[in-house]
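The values are calculated or read from the model by the stated rules, or taken from the named source; none is laboratory data. Quick caveat, the model's predicted, so the values are computed rather than measured. FYI the Cβ positions are ideal-geometry reconstructions off the backbone, even for glycines, and counts take in every protein chain you see.
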Amino acid sequence: MNIIQRATGLLSAVLRPNLTPNYPSQLAWTVLRVIAGVVMIHNGLDKLSDIPSFAEAYVKVIGLPFPIFFSYLAAYTELLASPLVALGLFTRPAALGLFSTMLVAMYHHVKVAGLSIPYLELSTLYAAVFLFFTINGAGLFSVDALLSGWLTAMWGGTPAKSIADLENAYQLSETASGK
């Protein structure tokens, strides 16, 4: 297996979503993914509209160094990863980034207001949704599923198939050499 096959195999594994053949379930995943991705975009836009205020009110409060840097990081993570989740493109890494920003938001809410459900509610729901997509991938109706299928077809199947092909070739060479 050459380096290109290994790289595409790894990329295919990262992109390959859970493809449960239950279409109503897959449709529900798609609706959840698209809604969560689309409605999350405004959070990044809100942060970018006033980075200094966000840095002062949120990032400094939790004690992170370089508050302006982390404010931009959070804003651009939300602004760039949200449409990717909605499209189902590079869903796992995008959802992981969004899950991370929601964990920081939850930490902020706990630090400021304690375990107050009204403050934690939205960021906790977002975190749960993005954790779900980090683990399961985008689902059947996604760009990731199309790319994963294309990569698998282009490079000759799954790693398990490649191992089986190597085993067959080895046995044929052993038989041909008379061993």
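Taking the range 22-34 on its own, how many of its residues are touching a residue at least 12 places away in the same chain (Cβ under 8 Å) and not hydroxyl-bearing (S, T, Y)? Step through it out loud before you land on a result.
Taking the range 22-34 first, the residues touching a residue at least 12 places away in the same chain (Cβ under 8 Å) are 23, 26-27, 29-30, 32-34.
Now narrow it down to the ones that are not hydroxyl-bearing (S, T, Y): 26-27, 29, 32-34.
Number satisfying all stated conditions: 6.
E78 - would you say it is under 18 Å from R33 (Cβ atoms) and either modelled with pLDDT of 95 or more or charged (D, E, K, R) (or both)?
Values: under 18 Å from R33 (Cβ atoms): yes; either modelled with pLDDT of 95 or more or charged (D, E, K, R) (or both): yes.
Criteria met by E78.
The lone criterion from (1) at pLDDT 95 or above; (2) of a type in the set (A, V, I, L, M, F, W, C); (3) touching a Gly at 6+ places or on another chain (Cβ under 9 Å); (4) under 25 Å from F141 (Cβ atoms) left unmet by I41 is number (3).
Restricting the first member to the range 119-145 and to residues that are within 15 Å of N43 (Cβ to Cβ), and the second to residues that are of a type in the set (F, W, Y), the beta-carbon pairs closer than 6 Å and six or more apart or on different chains are A127/F99; F130/F99.
Of all residues in the range 81-100, those satisfying the criterion of being within 16 Å of V38 (Cα to Cα) and hydroxyl-bearing (S, T, Y) are S82, T91. Return the residues of the range 45-61 that are surrounded by fewer than 17 Cβ atoms within 10 Å (Cβ to Cβ) and closer than 13 Å to H108 by Cβ; say none if nothing qualifies. Those that are surrounded by fewer than 17 Cβ atoms within 10 Å (Cβ to Cβ) and closer than 13 Å to H108 by Cβ: E56, A57, K60, V61.
Filtering the range 104-132 down to residues that are aromatic (F, W, Y) and either more than 13 Å from L32 (Cα to Cα) or touching a Lys or Arg at 6+ places or on another chain (Cβ under 6 Å) (or both), which residue is surrounded by the fewest Cβ atoms within 10 Å (Cβ to Cβ)?
Residues of the range 104-132 aromatic (F, W, Y): 107, 119, 126, 130, 132.
Restricting the remaining residues to those that are either more than 13 Å from L32 (Cα to Cα) or touching a Lys or Arg at 6+ places or on another chain (Cβ under 6 Å) (or both) gives 107, 119.
Numbers: Y107: 14, Y119: 17.
Filtering the range 104-132 for residues that are aromatic (F, W, Y) and either more than 13 Å from L32 (Cα to Cα) or touching a Lys or Arg at 6+ places or on another chain (Cβ under 6 Å) (or both), the one surrounded by the fewest Cβ atoms within 10 Å (Cβ to Cβ) comes out as Y107.
Somewhere in the range 157-171, is a residue polar (S, T, N, Q), more than 19 Å from L10 (Cβ to Cβ), part of a helix (DSSP H, G or I) and modelled with pLDDT under 85? Yes, the range 157-171 contains a residue that is polar (S, T, N, Q), more than 19 Å from L10 (Cβ to Cβ), part of a helix (DSSP H, G or I) and modelled with pLDDT under 85. I'd like the full set of residues that are exposed (fewer than 14 other Cβ atoms within 10 Å of the Cβ) and of a type outside the set (V, I, T), limited to the range 20-39. Scanning the range 20-39 gives P21, N22, Y23, P24, S25, L27, A28.
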